[in-house]
Amino acid sequence: MAGYITIRNQISASVCVCVDPHHLASIFRNLLTNSLKFTPENGRITLTAHIKGKGRDLRISVSDTGVGMSPEQISRVLKPEGPLISTFGTANERGLGIGLRITQNFIVANHGTLSIESVPKRGSTFYICLPRA
C-alpha cells in the first residue's frame, strides 16, 4: 500500500475573520501545498483556530510532521527582502520560499501577522493571527 498524508481540519465552519477572501484562499493554498511538499508519506497536517488575547484576533495554525526548518531558514523566509536558499521537498520538488513571502505579504495586507515554529526533521507550525469579523 502506498503511503499517504493525513490532513485534519479542526477549524469550525463558524469561524469568521475580516480579510480579503482571495488572499485567504491563497494563504491556505500556499501553506497546505508547502506542508504537502515537505511532509513525508504517512505524515500528518493539522489545521486549528483559536481566539487569541481579548478576543479581537483569531490565531490559525497549520502544523505538519515534515522535514522542518532551521532558525536560519525561518529568518530568511520572514524577511521581506534578501536572498532565499533553494530547498527540496520529500519528492525532490524545488522550493525557494517565495510562496511564503507572498503569503506573509497577504497576511500583513490584512492586518495580520505570521510566525513560524519549527524543528528540523520533526515538522513546522505556521501561525497566522488575523482580525476577527
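The values are calculated or read from the model by the stated rules, or taken from the named source; none is laboratory data. Note that the structure is predicted; figures quoted are calculated from it, not measured. Cβ sites come from the backbone with ideal geometry, for glycine too, and all protein chains shown count toward neighbours. The protein model used for the area step is the full one, side chains on, heavy atoms only, and it has no ligands, DNA or RNA in it. Shrake-Rupley method; radii C 1.70, N 1.55, O 1.52, S 1.80 Å.
Remark on Val17: its backbone amide H falls under 5 Å from those of Ala133, a criterion applied only to residues 5 or more positions apart or on other chains, H modelled at 1.01 Å from N. Apply 1/(1 + (r/R0)^6) to the Cβ-Cβ distance of Ile7 and Lys79, taking R0 = 25 Å, and write down the FRET efficiency to the nearest 0.05. With R0 = 25 Å, the Cβ-Cβ based efficiency is 0.30. Over its Cα atoms, what ratio of radius of gyration to 2.2 N^0.38 Å does the stretch 1-122 give? Ratio of Cα Rg to 2.2 N^0.38 Å: 1.08.
Residues in the chain average 60 Å² of solvent-accessible surface per residue, probe 1.4 Å, ligands and nucleic acids excluded.
Rolling a 1.4 Å probe across all protein chains gives Ile60 an accessible area of roughly 10 Å².
Accessible area per residue was computed with a 1.4 Å probe on protein heavy atoms; Ser26 scores about 30 Å². Across the chain, the relative contact order, built from alpha-carbon pairs under 8 Å that are at least six residues apart, equals 30 percent.
Non-local lysine pairs in the chain, meaning eight or more places apart or on different chains, with alpha-carbon distances under 27 Å, amount to 4.
Counting helices only, and only those DSSP H runs with n ≥ 4, report the 222 nm mean residue ellipticity of the chain as the sum of -39,500 (n - 2.57) divided by its residues, in deg cm²/dmol to the nearest 500. Calculated from helices alone, the mean residue ellipticity at 222 nm is -9000 deg cm²/dmol.
Rounded to the nearest 10 degrees, what's the angle between the helix 98-109 long axis and the longest principal axis of the chain, both from Cα atoms, 0 to 90? For helix 98-109, the angle is close to 10 degrees. With N the number of residues in the stretch 73-133, Rg(Cα) / (2.2 N^0.38 Å) evaluates to 1.21.
Round to a whole number: what % of the accessible area of the stretch 59-114 belongs to carbon and sulfur, probe 1.4 Å?
Looking at the stretch 59-114 in its full context, I get 58 percent from C and S.
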